[in-house]
Amino acid sequence: MYDLTIIGGGVIGAAIAWQAARYQLSVCVLEKENDIACGTTKANSAIIHAGYDPMPGTLMARLNVRGCAMVEEMSEKLDFPYKKVGSLILAFNEENMEMVHTLYERGVANGVPGLQILTPEEVWEKEPNVTKECRGALYAPSAGIVMPWRMAQAMADCAALNGAEFRRNAEVTGVEKAEGGISLQLKNGETVLSRYVVNAAGVNAWDIHAMIAPPRYTMRPSRGEYYLLDKAVGDTVHSVIFQCPTELGKGVLVSPTADGNLIVGPNAELVSGAEDTGTTSAGLSLVRRMAQLSVPTVSFRDNIRNFAGVRANTDIDDFIIEEVDGMPGFIDCAGIKSPGLSSAPAIGEYVMELLQKTGLSLTEKENPVDTLPKKVHIRELSPQDRAAAIEKNPLYGRVICRCETITEGEIVDALHAPIPPVSIDGVKRRCGAGMGRCQGGFCGPRVHEIIARELGLSMLEIPKDRAGMFILTGETKTEG
């Protein structure tokens, strides 16, 4: 029997595991996919929001501001990309300017540092490519950009080094009370027993809760579609550019990414569930049209990929983090929509506080791992440091992904992480091989071979991404 089991291996589940594994607890994470960070965590705007949007007094407001304040130090200790670039909410008319003032006051009430209301001239001085229709903006210097999957992987790796067990391909299909705790039935026929359970299953959190009793909230999944543009146009803007939010969300943004690209999106469309991640011509057309209201010069001809993610929206305009009635020790962590990524590390803290209040004893380990070793990124090194790295390990001198200058040594490092990838896209998310303009068209086969060699697998066993997404199914030509 585990002390704590977390259902879901996205950024929220990883954050809870990261916090929990610092204590003298047996911790298990159950992820239904073949890798962590495979849901909304890998398909969102990648923004660390400052915290001016949530209503004062909500969990969302408290945890957003706290989470935003934590990420910079975390990125240093856990070695994931993060840049504090600030954000601007543009106003195009007097009604928008009223909203800017409202958000300023809300942000001050929430404790957001450094907020300013800028004139059009001050906006253009910061961002020359912003539309001349701008009438002013709210500037939040504490906002930032991050690689969300790398942030989740870093927290998960740290948790694993502290003893947390991550079980993949472990979909929960049943929840029952058991002697001394809770019994979780898995799709593969196994049973997991745990004293305490946290439901951090994202869009599927409602389904997990419904195995116990009807939830008090309704899930309203919302799909957002995006353009990812080439690094050649990554400096179109240097801050996160928002439009004034509406009841549908924070609107279409234009933003640099932590890896130097430009991201544009999302729209907001109600869908049936977490699997509805297809892109549509109508959705992408709307994103393009709305983005050009903010930044008319966005070069969509430099688009290298479109994608969509599904947000865990509910009919309650706040995070739902609470013990479930009738199931002692079972904590719901649901409705974690935007700013969920920004709030993730603080959600991890808050869940541990809540578990302690429900009876879980927390005793810190004497020397928990709180820092991960720095990874080698050949393209970021000086010529002298690059030569030294290659002399130490010649695999760092063999470039596999030419678009991103990712070497075989970096791919091998990724394959021997505490939680190693099992797919080509799993490698891509950990070290960037395949993230560039060709999207793995050239390096994909070589990455495929390296995975097989390092993990001792047949190439027929290695999927593109999720389980069953095989690239090779057999030989096409055989003798005789």
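Give me the residue from the stretch 13-57 that is part of a helix (DSSP H, G or I) and not polar (S, T, N, Q) and, out of that set, nearest to residue 225 (Cα to Cα). Only one residue tops the list, namely 42.
Listed by position, the helices (runs of 4 or more DSSP H) contained in the stretch 83-161 that have at least 2 residues being closer than 22 Å to residue 292 by Cα, open to solvent by 50 Å² or more (accessible area, probe 1.4 Å) and not polar (S, T, N, Q) are 94-110, 120-126. Looking across the stretch 162-174, just one residue is in a loop (DSSP other than H, G, I, E, B) and among the acidic types (Asp, Glu), and that is 171. The residue that is nearest to residue 419 (Cα to Cα), among those in the stretch 351-390 that are touching a helix residue (DSSP H, G or I) at 6+ places or on another chain (Cβ under 6 Å) and open to solvent by less than 50 Å² (accessible area, probe 1.4 Å), is 372. Of the strands (runs of 3 or more DSSP E) that lie entirely inside the stretch 298-349, those containing 1 or more residues that are without any contact (Cβ under 8 Å) to a residue 40 or more places away in the chain span 320-323. Candidates are the residues of the stretch 175-201 that are farther than 18 Å from residue 331 by Cβ and assigned to a strand (DSSP E or B); the one that is least open to solvent (accessible area, probe 1.4 Å) is 186. Here residue 251 meets the list (1) buried (at least 17 other Cβ atoms within 10 Å of the Cβ); (2) out of contact with any strand residue (DSSP E or B) (no Cβ under 8 Å at 6 or more places or on another chain); (3) without any contact (Cβ under 8 Å) to a residue 40 or more places away in the chain almost entirely, failing just condition (2). Restricting the search to the stretch 63-82, which residues are of a type in the set (Gly, Ala, Ser) and crowded, with 22+ Cβ neighbours inside 10 Å? Those that are of a type in the set (Gly, Ala, Ser) and crowded, with 22+ Cβ neighbours inside 10 Å: 67, 75. Annotation for the stretch 235-253: no member residue is small (Gly, Ala, Ser), at pLDDT 95 or above, more than 17 Å from residue 12 (Cβ to Cβ) and out of contact with any Asp or Glu (no Cβ under 7 Å at 6 or more places or on another chain). Right, residue 473: at pLDDT 95 or above and over 19 Å from residue 38 (Cβ atoms) or not? Spelling it out, it is not the case that residue 473 is at pLDDT 95 or above and over 19 Å from residue 38 (Cβ atoms).
Conditions (1) in contact with a Lys or Arg (Cβ under 9 Å, 6 or more places away or on another chain); (2) without any contact (Cβ under 8 Å) to a residue 60 or more places away in the chain, marked per residue:
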| position | (1), (2) |
| --- | --- |
| 77 | no, no |
| 86 | yes, no |
| 102 | no, yes |
| 118 | yes, yes |
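Against the numbered list (1) open to solvent by less than 30 Å² (accessible area, probe 1.4 Å); (2) more than 19 Å from residue 50 (Cβ to Cβ); (3) under 17 Å from the mean Cα position of the chain (by Cα), residue 259 comes up short only at (1).
From the list 326, 335, the lone residue that is modelled with pLDDT under 95 and either touching a Pro at 6+ places or on another chain (Cβ under 6 Å) or at positive phi (or both) is 326. Checked against the criterion of being touching a Cys at 6+ places or on another chain (Cβ under 9 Å) and not β-branched (Val, Ile, Thr), the candidates 21, 37, 43, 15 yield just one match: 21. Within the stretch 203-248, being part of a loop (DSSP other than H, G, I, E, B), of a type in the set (Asp, Glu) and buried (at least 16 other Cβ atoms within 10 Å of the Cβ) holds for one residue alone: 230.
Looking only at the stretch 353-364, decide whether some residue is β-branched (Val, Ile, Thr) and not in a helix (DSSP H, G or I). Among the residues of the stretch 353-364, at least one is β-branched (Val, Ile, Thr) and not in a helix (DSSP H, G or I), which makes the answer yes.
The values are calculated or read from the model by the stated rules, or taken from the named source; none is laboratory data. Bear in mind the structure is a predicted one, so any value in this text is a computation, not a measurement. Please note: Cβ atoms are built from the backbone with ideal geometry, for glycine as well, and neighbour counts cover all protein chains shown. What goes into the accessible areas is simple: the full protein's heavy atoms, side chains included, and nothing from ligands, DNA or RNA. Shrake-Rupley method; radii C 1.70, N 1.55, O 1.52, S 1.80 Å.
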